[in-house]
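All remarks here apply to the structure that follows.
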Amino acid sequence: MMFTPRILPALAGALLLAACQSGPHATADKAATSQGTAAPVTPPPAPVAMEALDAAYVSAAPAARMQRIVMSGQPLPPPANTENYQRPDDNPVKRASETPLSTFSIDVDTGSYSNVRRMLVQNVRPPADAVRAEEFINYFRYGHAAPTTREVPFRVSTELAPSPFNANRQLLMIGIKGYEVPKTVLPASNLVFLVDTSGSMMDEDKLPLVKAALRKLVPQMREHDRVAIVAYAGSAGLVLPPTPGDRHDEILGALDRLEAGGSTNGGDGIQLAYKVAREAFRTGGVNRVLLLTDGDFNVGVVDRKALETLVADQRKSGIALSTLGFGTGNYNDAMAERLADVGNGNHAYIDSVREAEKVLVRDMQSTLLTIAGDVKIQVEFNPAVVAEYRLIGYENRALRDEDFDNDAVDAGEIGAGHEVTALYEVALVGAGGERLPKLRYASPKTAAGNDDEIANLKLRYKLPGSASSKLIERPIRRNELRAGASPDLRFAAAVAGFADLLRGGGNIAGWDAMRLRNLAAGALGADRNGDRTEFIALTERAGRLLRDDDDRLHIGGD
């Protein structure tokens, strides 16, 4: 085969890209090559083929970078990977006799899961700090019971059953389901699309994907909705003033005119977006800024704490801020997630048009319409029945116990139809599932008369526009313990185990990706949208990466 002069630069670019695409993270293929062996090419049988997963999610960004290399005629230096993640260590195991209270804010974000999916599809081992277990768990629906009336905006349900990871421990699943609101009766929406058009947004998985994502949302807008577009690079500018939502062609035309270039002044953009949102404020409606960015702010207000203060001040006006993350190589996950948290919004990562359709069309009501705010959970474990417990995930949503009754303390929001799921691993007294060392001098505490209760569950929430919270409280009784977990709890356990595996596998008793895959495969259920089936393919992809990673030990399975 002969290589023409036009082919040679392309080949060189492709080879360079293969060598450096993952930045500081080693890929499975690179690891295999360094040992002189080929990476596995035939995956185990799966409900969804690996090729289908690749077709749905492989980003066009590497191709765009390769094109710039080819057009120059000379290989460019590999771009530095500056992706930014921050996450505390896993929640520790706690003795119920010493720390009976567990208090945290709910979290409806899903960005960690789709971002990690992007890396796995690209054969990149995700950094451990990119994995947030609660966002993996909450990516999926578990069929929690919905409220029967709107007097209380959500319904709370629980399930208690043996853990698949250790038969001497139990899993406690707490589920919250918000009431549904049909799209046709959503209140009037005032949306400001705050679009990052800086030079870092040039790749195909950034601004072009932003446009494709918003093209999914715009057709859902109605005459009484208002849509505005603010763009920011070195400075911020109004691209489209508040416009009736049914003028789809006008809105889409403004989107199409956006081009990437320049530095990133996110602070100015946020300030202008809130100003525009205030001018078009819809009393009793949805007022929200959608920030679409890679989070790489580099001029103006760039300090994360300063940006958080800016957003926190603005949320008092009744305008929420949600973030949609995009891109590879410089994605600032820590910034995007935190701004959504303090902005009374939610955070998602868009790795494909399919994900955009899930967030902005399928889950449109829960993405846009808040039905309860400052939602907090507090579980009091009964030390007469529970020896130890561990909350899975929610590390960056932990609250002080005294914050639960303090209405001045901010917490998470629930959207219409949202599901929120939390898992605890519980060791009952005398069951042999304890992990903490026995204490020589401690005497067991008892709760006389409450031996039939495992825990007491409390939730606080505020209705939209209210400054005072309402309380929901119910005991979790010992007789609720099932002999076996439901398919939904088994699937949730598989997802939680997968997140733990990607962070090192310290809490899943030697389970590997294939055992987690099989656990999930046995609990697929109806899987109407294919999300669970896709998860199985991801576990297989991760298994290959873990086996071929020279820097990690294979975690033993069956």
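The values are calculated or read from the model by the stated rules, or taken from the named source; none is laboratory data. The structure presented is a predicted model; accordingly, all values stated were derived computationally and were not measured. Positions of Cβ are backbone-derived with ideal geometry, glycine not excepted, and every protein chain shown enters the neighbour counts.
Quick notes
- Matching residues in the stretch 397-412 - criterion: being over 25 Å from G318 (Cβ atoms) and not in a loop (DSSP other than H, G, I, E, B): A398, D401, E402
- Of everything listed in (1) part of a loop (DSSP other than H, G, I, E, B); (2) in contact with a strand residue (DSSP E or B) (Cβ under 7 Å, 6 or more places away or on another chain); (3) of a type in the set (F, W, Y), the single unmet condition for W511 is (2).
- Of the residues examined, A188 is not one that is more than 23 Å from L369 (Cβ to Cβ) and among the small types (G, A, S).
- Residue check, V156 buried (at least 18 other Cβ atoms within 10 Å of the Cβ) and either touching an Asp or Glu at 6+ places or on another chain (Cβ under 9 Å) or among the small types (G, A, S) (or both): no
- Top-ranked residue of the stretch 182-197 - restricted to ones that are part of a loop (DSSP other than H, G, I, E, B) and touching a helix residue (DSSP H, G or I) at 6+ places or on another chain (Cβ under 9 Å), ranked as surrounded by the fewest Cβ atoms within 10 Å (Cβ to Cβ): P182
- Evaluation of G345 against (1) buried (at least 24 other Cβ atoms within 10 Å of the Cβ); (2) in contact with a Lys or Arg (Cβ under 8 Å, 6 or more places away or on another chain); (3) assigned to a strand (DSSP E or B) (one fails), failing number: (3)
- Of all residues in the stretch 281-306 being surrounded by 20 or more Cβ atoms within 10 Å (Cβ to Cβ), not aromatic (F, W, Y) and not in a strand (DSSP E or B), the one that is modelled with the highest pLDDT: D294
- Only one of E250, E204 that is assigned to a loop (DSSP other than H, G, I, E, B) and at negative phi: E204
- Scanning the stretch 390-427 for residues that are under 15 Å from the mean Cα position of the chain (by Cα) and among the hydrophobic types (A, V, I, L, M, F, W, C) yields I392, I414, V420, A422.
Yes/no per residue for (1) within 27 Å of D89 (Cβ to Cβ); (2) buried (at least 16 other Cβ atoms within 10 Å of the Cβ); (3) of a type in the set (F, W, Y); (4) assigned by TED's automatic domain parsing to the domain that holds I174:
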residue	(1), (2), (3), (4)
D351	yes, yes, no, no
E355	no, yes, no, no
L391	yes, yes, no, yes
Y394	yes, yes, yes, yes
A398	yes, no, no, yes
D405	no, no, no, yes
A408	no, no, no, yes
E413	yes, yes, no, yes
V420	yes, yes, no, yes
